[in-house]
Structure formats: C-alpha cells, structure tokens
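A.B. asks: Got a structure for you, written out below as structure tokens; questions coming shortly.
Just so you know, all these numbers are worked out from the coordinates, no wet-lab data involved. Remember, it's a predicted structure, so these values are computed and weren't measured experimentally. Here the Cβ is made from the backbone with ideal geometry for all residues, glycine too, and neighbour counts use every protein chain on show.
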C-alpha cells in the first residue's frame with residue numbers, strides 16, 4: 001500500500017531553507033549564513049570569528065530531524081549547525097563555510113553522527129580548514145544499540161544520544177576549556193551513551209510517496225532515524241514490554257554496547273521521533289525510571305523527555321542511557337540559550353514522585369473503619385442498588401454505539417468515558433458526581449427516615465438544576481438534559497396524578513428516551529457538537545442524552561421487575 005504524504009509545505013525542494021528562515025525569525029539569537037545558494041548554516045548571532053574567544057562547537061547533518069541540529073544552536077551548546085537537505089549529508093562547502101564563520105583562535109570541535117556521508121564530508125571540510133590555519137578536532141558519535149556489534153568499517157549509527165554530547169561539549173567550551181580538553185570530554189561522553197528506537201510507522205518525506213511496510217498491528221525495533229529498516233518487526237506490545245526490551249538491549253552485558261553496570265549513575269532521555277504525543281513519551285519515561293532503578297540497579301540522576309532528534313513524522317520513540325559522573329552532570333546542568341534544550345530539568349535532589357492525597361480534616365479513623373464495613377441496606381437502599389447496577393450495566397452495553405454517535409458529532413470517546421464511569425460505579429457505588437451530590441443533598445435535607453417517592457422526584461429535579469447551573473445548558477441545547485428534563489417533568493406529573501412510584505418511574509423513563517431521540521432535530525448550543533453542521537447532527541442523537549436515557553430506562557425497568565408496585 002502506498003500513498004502521497006500530506007504536508008503543509010510549499011515546494012518540497014525548499015523545505016530546509018524555509019524551515020531555517022522561520023527558525024531565525026522566531027529566535028533572534030540565531031542567524032542564517034547567507035551568500036551561497038547551497039549553504040544552509042545556522043549560527044549564533046553573537047559570535048564572530050574575529051572576536052570569539054572560546055572553542056566553537058559545530059554539528060549538523062541531514063535535515064528532517066528537527067529540532068536537531070539547528071534547534072540546539074545557542075550559548076552553552078552549538079555555535080553553528082550545518083543543515084543538509086532532508087536525510088542528506090551537508091556538502092563540504094557548506095560545512096567549511098560554517099567553520100570559517102565561527103571559528104576563532106581557540107579552534108572548533110566538529111561533532112559528527114556516524115554515517116558514511118557525514119564522516120566523509122565533515123572530514124574533508126576539516127582537512128581543508130586545517131590547511132587554511134584553523135584548529136579543528138572531530139568527535140564521532142555512534143550510540144546505536146539495536147544492531148549486533150560492528151563487524152566492518154560502518155560501525156554503530158549516530159542517534160539521539162548525540163544531543164547529550166552537544167550539551168557536554170557546549171558547556172565545556174563555554175567554561176573556557178581548550179580545544180583538546182573539550183574534545184576529550186566530548187569523546188569520553190560519546191563512549192558512555194547508548195540508544196535504541198522503536199517505531200509504529202515509517203516517515204513521510206516531503207513530496208514523496210511513502211509505503212507502510214509495517215502494516216497494521218506491527219512495530220519496528222531498532223530502526224534508524226532516516227526511515228531505514230530496523231533490527232526486527234514485531235507485534236505491537238504494551239509500552240511496559242517495549243521499554244523493558246529496549247532497556248535490556250542497551251544494557252546487555254553480552255553485547256557490552258555501553259560500560260554501564262549495577263550501581264552506576266545514569267542519565268535517561270526519552271526522545272520522540274516526530275509524531276508521538278507527549279502523553280506517550282511521558283508514559284515511557286514513567287515506566288523506564290523504576291525499571292532502571294529496580295531491575296538494573298542504576299541511579300537515575302536526570303530524565304529528559306521530549307522530541308530532540310526526530311525522523312520527520314515517524315510515530316515512535318528512542319531511549320538513550322548515558323553513564324554519568326559529576327563532570328557530565330555539571331555540563332548537562334550548565335546554563336544554555338539553545339531554545340530546544342529542556343531547561344526545566346534541574347539539578348539537585350528529586351522530591352518524592354508521588355505523595356498521598358490529603359484527607360478532609362473531619363475524617364477520622366473511626367469513620368474510615370465504618371466505611372470499610374458497610375451497613376445492611378434497608379429496602380430503599382436495596383431498590384437504589386438495583387437501579388444503579390442496572391443503569392451501569394446498560395451504559396456498559398451501549399459503549400460502542402455511544403462512541404459511534406460521538407465520532408460523528410464530537411470527539412468519539414463518549415462511550416469509552418461512560419464505560420469507565422459505569423465500571424467504577426459497579427466497583428464502588430459510593431463514588432458520585434455533581435448530579436448525585438445534588439440529589440444526595442436534597443434527600444438528606446429531609447428529617448424523615450424514609451424517603452418518599454415525591455422526595456426522590458424532587459432530588460432528581462435538584463440534580464438537574466445543578467447540572468444546568470454548572471454546565472450552562474438547559475432544555476433544547478442538545479445535551480443529556482434533553483433526556484433528563486422531560487423525565488423529571490413526567491415523574492412529577494404521574495406522581496401528582498396518583499400513579500404508583502414504579503409506574504411513574506417507567507413512564508418517566510419513556511419520556512427520557514423520547515427526549516434523547518428528539519435531540520436529532522436540535523441545533524447544538526453546548527459542547528463540541530456546536531462546531532458540527534446541522535446536516536451531520538440530524539443523522540444521530542446526542543450521545544450524552546442517549547447515555548442518560550439508557551441508564552435511566554434500565555434503572556426504571558430493573559426496579560419495576562424486582563419490586564413492582566410495592567416499591
């Protein structure tokens with residue numbers, strides 16, 4: 001299966017230049033080296049080779065990995081970033097232009113990811129610069145831990161761990177170290193870092209057709225950042241399983257990718273590959289840290305979570321682990337003006353990640369004990385329990401239909417949300433929301449020990465008023481109130497007419513169902529449905545109203561079946 005990738009771009013051939021133009025307009029601390037059509041170099045705006053008195057740190061490579069590398073240009077990190085075309089090594093002339101623009105008497109360090117094109121072009125530019133009198137050192141980063149130990153000259157690929165080397169080298173240079181010392185620190189750090197990635201999709205290059213070689217239900221382990229195939233394709237697994245596999249691979253003593261053993265201090269980076277939501281990245285971080293601590297016996301000193309080195313729009317993430325010591329931590333914590341470095345990761349002791357929820361002051365041990373031993377329900381309590389259980393089960397059965405309706409007029413999760421609520425109620429019927437709190441307040445206001453049918457009707461009316469007050473909706477707004485308001489009115493009417501409570505309850509549930517169905521003919525005035533056209537709205541009822549009518553109807557029928565007119 002192939003398809004044309006959707007992109008918000010102009011000419012696919014201009015994406016890198018236009019990206020840089022937007023970047024330098026956004027961040028005044030950056031400049032675009034102008035003058036050569038093939039040169040795409042981002043520089044620190046405050047650096048001039050004639051006056052710069054520190055070691056310049058230069059990196060780069062093919063574009064498509066944003067924010068790497070240009071997003072890490074700034075005081076304390078990169079002095080310049082050389083941007084090749086998408087997934088293509090930058091040409092020698094471009095690299096050489098960057099070296100000439102920012103390198104002063106202290107020299108420059110080139111940080112190069114281990115790909116043949118990058119090594120060749122940066123190497124040639126370095127030799128040319130040396131012949132012109134510049135002092136140049138080079139560090140190659142190969143942190144990939146997915147493939148077997150190298151058996152040829154290619155070696156391990158450079159991945160997201162390169163960003164940590166940028167930070168270490170940039171901080172060392174900012175501290176005034178010599179070129180030799182900066183290069184030594186960067187090289188030592190590069191030998192302490194390992195990375196492995198996992199992806200759910202391949203990436204889509206601008207203007208090109210892409211193929212979903214993975215297919216549905218599959219993920220790829222150990223892929224490269226240019227969309228090249230990984231070490232293995234497997235069925236999609238829960239993130240717990242994926243994280244465990246990746247950590248085991250990086251830290252395997254058999255392959256000895258990185259010199260990390262139990263008791264070491266480490267830095268963790270969870271890196272999004274371009275299309276992974278922050279929610280999923282944070283879930284991976286939350287699972288990785290305790291696994292590193294408890295299963296691998298490592299002290300996790302810093303955690304960096306976000307998108308640092310992407311693969312255009314690939315869905316997935318990579319995990320990087322770097323052995324840390326005081327010097328490396330000092331370099332990582334040093335100040336920087338690079339816009340995409342996560343400055344919020346602070347040094348110092350980490351407070352407890354989880355703390356208990358504070359209890360209300362009036363709560364006592366005695367009341368806690370009483371909650372753990374629920375009293376025997378009286379007859380009215382039994383009726384209520386039957387109604388709640390029937391209502392919750394009806395909502396659970398309706399999940400797929402609610403999701404289907406909601407996908408047309410909302411965000412598609414109404415059924416799933418109701419399912420979670422109904423399941424929680426079945427597990428613990430003491431949990432209640434605004435609707436039930438308002439009803440409870442109305443019922444407890446009575447001094448009678450037995451609650452009458454009229455008082456139940458008044459409690460329903462009070463709960464509807466509370467939902468309307470806090471939600472802002474009323475009758476005709478195409479919400480759950482369009483089911484509950486006619487139900488409440490019918491209940492009051494039938495009780496006043498002398499009907500027995502069960503009959504009144506069932507008739508009012510019919511009014512709820514009719515009210516829910518009538519929402520097809522209403523223009524939404526509340527919720528996400530307000531953004532949907534009337535033509536689409538007319539095709540389905542309001543999911544919230546249908547959910548309310550369904551649980552109300554189920555409760556009424558369950559009470560009638562079990563207790564009949566005697567209730």
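A.B. asks: What number of residues within segment 85-119 are over 29 Å from the mean Cα position of the chain (by Cα) and not in a loop (DSSP other than H, G, I, E, B)?
C.D. replies: 20
A.B. asks: Scan (1) surrounded by fewer than 18 Cβ atoms within 10 Å (Cβ to Cβ); (2) touching a helix residue (DSSP H, G or I) at 6+ places or on another chain (Cβ under 9 Å) for the single condition residue 145 breaks and write down its number.
C.D. replies: (1)
A.B. asks: Of all residues in segment 480-528, how many are assigned to a helix (DSSP H, G or I) and free of Cβ contacts under 8 Å to residues at least 12 places away in the same chain?
C.D. replies: First, pick out the residues of segment 480-528 that are assigned to a helix (DSSP H, G or I): 481-496, 501-521, 528.
Add one more test, that the residue is free of Cβ contacts under 8 Å to residues at least 12 places away in the same chain, and what stays is 493, 496.
So the count comes out to 2.
A.B. asks: Still on this structure: For segment 288-342, what are the residues that are out of contact with any helix residue (DSSP H, G or I) (no Cβ under 6 Å at 6 or more places or on another chain), assigned to a strand (DSSP E or B) and under 23 Å from residue 27 (Cα atoms)?
C.D. replies: 304, 306
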